[in-house]
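Encoded as structure tokens, the structure appears first; notes follow it.
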Amino acid sequence: MTESPLTEAEVAEAERELRVSFPEDYRAYLREVSAGGALFRRLRHGRALAHLAQQGVKATGVDLSPRMVELAGERWASLGVRIERAEVLDWLASDTSRYDAVYSIFGAAWFTDPSRLFPLIRERLASGGVFVFSQPPAIPGAYGPQGMYKGGFAGKAMFTYRYSYKPAVWERHLLRAGFSTAKAKIVDAPMEGHIGTLIASARA
């Protein structure tokens, strides 16, 4: 489904929230054509969680950004959505709940070492539960952890990592973490030559 284009301010907000710099071609696509599904939900501060809650699903969101947590909490608290501000590895390690599904939309699965994240997610899933994540596909020839400085290469050194692999490698990471099945694929962008989306799913 195609979503409405974003303003320049909304694109900049997405970059701040996701702690990345989008390629200029992708920024132009977001401004002129469509926000797409995944980024739209991120920008709307918990819209996907709210949709699940409206269907009767008990939904919990985890994010490191104080602003995102504040805005999502203000907007969706009346639906019963639970929003937690935490580092995802710490939160999963201490949480004792069981979940039928866990998903990451251009989020934790992109920014966290899968050898640490995936086993924790597997532990929190009920039998038969599903883990699904989406993010940009790997740049050809650039695989594994990809370091990136924040703040325009100036000032105090702050950096983050993104993890990028071929679909088959993502599948192996999921199976090693204890999932019974795993499938990853790249979905082409609506416009030829534009950045597609990696989508992976696994069942406990």
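We did not get these values from a lab; they are worked out from the coordinates using the rules stated. The structure displayed is predicted, hence computed values, not measured ones. Glycine gets a Cβ as well: all are built from the backbone with ideal geometry, and neighbour counts include every protein chain shown.
Based on a Kirkwood Rh over C-alpha pairs, give the Stokes-Einstein translational diffusion coefficient of the range 54-99 at 20 °C and viscosity 1.002 mPa s in µm²/s.
189
Along its principal axes, what span do the Cα atoms of the range 93-144 show, with the longest given first and each in whole Å?
38, 17, 16
Give me the percent of Cα-Cα pairs in the range 97-204 that sit more than 19 Å apart, rounded to a whole number.
Everything past 19 Å amounts to 46 percent.
Pairs of Cα atoms under 8 Å, at least six residues apart: use those to get the relative contact order of the range 143-204, whole percent.
Relative contact order for the range 143-204 comes out at 25 percent.
Quick one: if the Förster radius is 45 Å, what FRET efficiency do Val57 and Phe159 give, using the C-beta to C-beta distance and rounding to 0.05?
The formula returns an efficiency of 0.80 here.
Report the full-extension gain for the segment Ser180 to Lys166: residue separation times 0.36 nm, less the Cα-Cα distance, to one decimal in nm.
Net length gain for the segment: 3.1 nm.
Assuming R0 = 25 Å, can you tell me the calculated FRET efficiency for the pair Arg116 and Ala9, based on Cβ-Cβ distance, to the nearest 0.05?
Result of the calculation: an efficiency of 0.15.
Which lysines have a Cα less than 24 Å from the Cα of Lys166, not counting those fewer than 8 places away in the same chain?
Cross-link targets: Lys183, Lys185.
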